[in-house]
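Each value in this text was obtained by applying a stated rule to the coordinates, not by laboratory testing. Just so you know, these numbers come straight off a predicted model, no measurement behind them. Positions of Cβ are backbone-derived with ideal geometry, glycine not excepted, and every protein chain shown enters the neighbour counts.
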Amino acid sequence: MNKKILIFLMLSIFIFSSSFTIFANEQQAEQQTENLDVLAKSAILIEATTGKVLYEKNPDEKLPPASVTKVMTLYLIYEAIDSGKIKWEDTVTVSEYAASMGGSQIFLEPMEKQDVKTLTKSIAIASANDAAVAMAEHIAGSEQEFVKLMNEKAKELGMENTNFENACGLDTDTVNHYMSARDIAIISRELMTKYPDVKEFTTKWQDTITHKTRKGETEFGLTNTNKLLKMYDGATGLKTGSTKKALYCLSGSAERNGLSIIAVVMASPDPKVRFQEVAKMFDYGFANYQVVQCDEQGKNMGYTNVYKGEKPTVNGIIEKPASFVIKKGASTDIQKDIQMIEGVKAPVIKGTKIGEAIYTYEGNEIGRIDILAEEDIKKASLNDMLKRLIIDWVV
């Protein structure tokens, strides 16, 4: 009898302590969020794969972003490369206007010729204003036209508190060049996830370029403005910014153990503080969250019938990875419900939505992802239909 009581007490203590540990972990995570105590006027921390917000402080306040503006400039460069509009080896002739840019620069000279890759590297590593304007002119014909593209892309991506007046982020005479921390996180996430090759430059601490002018060729050293690369294990970027109006800004990115996070601070009071605070936000994110991947992009999720098609069915594949962010120590049991359209009429075009996967966690819906037709299915000819009828009749 005494042994049974002892076993019962030991089990009770174990269950209580386990429950307390989970509860304590949740409380600790909440307490750590409260204790982040970010000095920057505005800040946000997101998980890059899903976009889930992990921490925020005045995330929608409109503030001057300084050179963090160049995240959008870089995005449009990579988009132009991806579309075939420009190539890395294309030659760019530097205008007198581009060469006149002040602030951080690589001291391009009027009529100097550089290729697209060199100028892009100079923007990403050294935050070169002259290179940014030269690329803006190369893509759109003028900086003014490029700024229109920047604002159009911001609107397309849902960046509701953003307006650009130039391609590099230098202070203007107006208050109409602004971004919010949330919007910076949006474009940073788009750049890092859609064009991960940008990390070739954003992770590089030092590099060199060769100036090519009428006077000859001279080497010029580039040093990354992002000190996170030296001080934080797993840092992958992204962009610093500082002007008299903006104070000190930073969009930082880091990866550890499959978790990718982006932290943004704006109007930080001190150049060192911005790096310290982003590092602190990184620590919080990595300590408290994990990514659970349920399905990989392109995974076969089932099929649906095709009426009057060359094939009777078409397979459906998931449009994008099904990944979700949850707190460490919590259950990873994510439920999935596949809902396919009962039938589609031929012709079926590859990529057409034929269903969706609905994911729930602890009884709450956490995401929906489209299921797309894996291939084209042409409309069956009359002979095909007759053959199918005969086969069905015989069977």
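Taking region 226-254, which residues are in contact with a Lys or Arg (Cβ under 8 Å, 6 or more places away or on another chain) and among the hydroxyl-bearing types (S, T, Y)?
T236, T240, Y248, S251
I'd like the full set of residues that are more than 21 Å from A40 (Cβ to Cβ), assigned to a strand (DSSP E or B) and of a type outside the set (V, I, T), limited to region 202-255.
Within region 202-255, Q206, D207, H211, K212, G216, E217, E219, F220, G221, L222, E255 meet the criteria.
Consider region 334-372. How many of its residues are among the β-branched types (V, I, T) and surrounded by fewer than 16 Cβ atoms within 10 Å (Cβ to Cβ)?
5
I need a count of the residues in region 59-99 that are out of contact with any Pro (no Cβ under 8 Å at 6 or more places or on another chain), of a type in the set (G, A, S) and in a loop (DSSP other than H, G, I, E, B).
The qualifying residues number 1.
Are any of the residues in region 163-179 among the β-branched types (V, I, T) and either crowded, with 23+ Cβ neighbours inside 10 Å or part of a helix (DSSP H, G or I) (or both)?
Looking through region 163-179, none of the residues is among the β-branched types (V, I, T) and either crowded, with 23+ Cβ neighbours inside 10 Å or part of a helix (DSSP H, G or I) (or both).
Keeping to region 299-352, report how many residues are in contact with a Leu (Cβ under 7 Å, 6 or more places away or on another chain) and part of a loop (DSSP other than H, G, I, E, B).
Kept after step one, since they are in contact with a Leu (Cβ under 7 Å, 6 or more places away or on another chain), are these residues of region 299-352: 316-317, 319, 351-352.
Within this subset, residues satisfying the condition of being part of a loop (DSSP other than H, G, I, E, B) are 319, 351-352.
The total comes to 3.
So for region 79-98 (the condition being closer than 24 Å to W205 by Cβ, buried (at least 19 other Cβ atoms within 10 Å of the Cβ) and not aliphatic (A, V, I, L, M)), does at least one residue qualify?
The answer is no; no qualifying residue exists.
Among what's in region 301-333 and is free of Cβ contacts under 8 Å to residues at least 40 places away in the same chain and surrounded by 17 or more Cβ atoms within 10 Å (Cβ to Cβ), pick the residue that is nearest to A373 (Cα to Cα).
Checking each candidate, the answer is Y303.
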